[in-house]
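Written below as structure tokens is the structure these notes are about.
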Amino acid sequence: MPLERRMPRARRSHATSGRPWRGDGGSVVAEFAVALPAIVIVLALGIGALGATARGVRLQDAVSDAARLAARGESADRVHAVVAAAVDDATATIEHRDDIVCITARAPVAVLALTATGCALAGGG
């Protein structure tokens, strides 16, 4: 039987031994736990901004339609109903300026209020 000859092992540090350093366990989880709230806040703000923009577009559309209806002589109730149907909690005011009818609507969004104005030439049919 051949004798096995063993070479003395060189002493290796933790960095070269292939074993993780005991102090590093869980650092990825800790860094993720710190970054996660920031990611959630950025996503929430982005989704909120998209929602507010979509609500503003719907409000502007409704105001334009309501201004055309008011210019044709429709009742104020009908004009207010068009705006209220398009955007919840929206309020509209009708203003006559010589030959022009303008509708201004306001709708709350979080801590802000959206405002949209649409005008049409009165008497148009």
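The values are calculated or read from the model by the stated rules, or taken from the named source; none is laboratory data. Here the structure is a predicted model, which is why all the values come from computation and not from measurement. Backbone-built Cβ (ideal geometry, glycine too); neighbour counts: all protein chains shown. Side chains included, ligands, DNA and RNA excluded: accessible areas come from the protein's heavy atoms. Shrake-Rupley method; radii C 1.70, N 1.55, O 1.52, S 1.80 Å.
Check LEU114: other-chain or 5+ apart residues with amide H under 5 Å from its amide H, H built from backbone geometry?
It is ALA107, VAL109, by chain and number.
With a 1.4 Å probe and all protein chains kept in place, how do HIS96, HIS80 rank by accessible area, largest first?
HIS96, HIS80
Along the Cα→Cβ direction, 7 angstrom out, place labels at ALA52 and ALA30. What is the inter-label distance in nm?
Rounded to a tenth, the inter-label distance reads 3.7 nm.
Could you work out how much longer the chain between ILE39 and ARG6 gets when fully extended? Use 0.36 nm per residue separation minus the Cα distance between them, nm to one decimal.
6.4 nm
Given N residues in region 44-125, what is its alpha carbon radius of gyration divided by 2.2 N^0.38 Å?
Cα Rg divided by the expected 2.2 N^0.38 Å: 1.13.
Using alpha carbon coordinates only, what is the Rg to Rh ratio of region 76-123, with Rh defined as the Kirkwood radius?
Working: Rg = 11.5 Å, Rh = 11.3 Å.
Computed over Cα atoms, the ratio is 1.02.
Order SER75, SER64 by their accessible area, 1.4 angstrom probe, all chains in place, largest first.
SER75, SER64
Put ILE47, ILE103 in order of accessible area, largest first, 1.4 Å probe: what do you get?
These residues rank, largest area first, as ILE47, ILE103.
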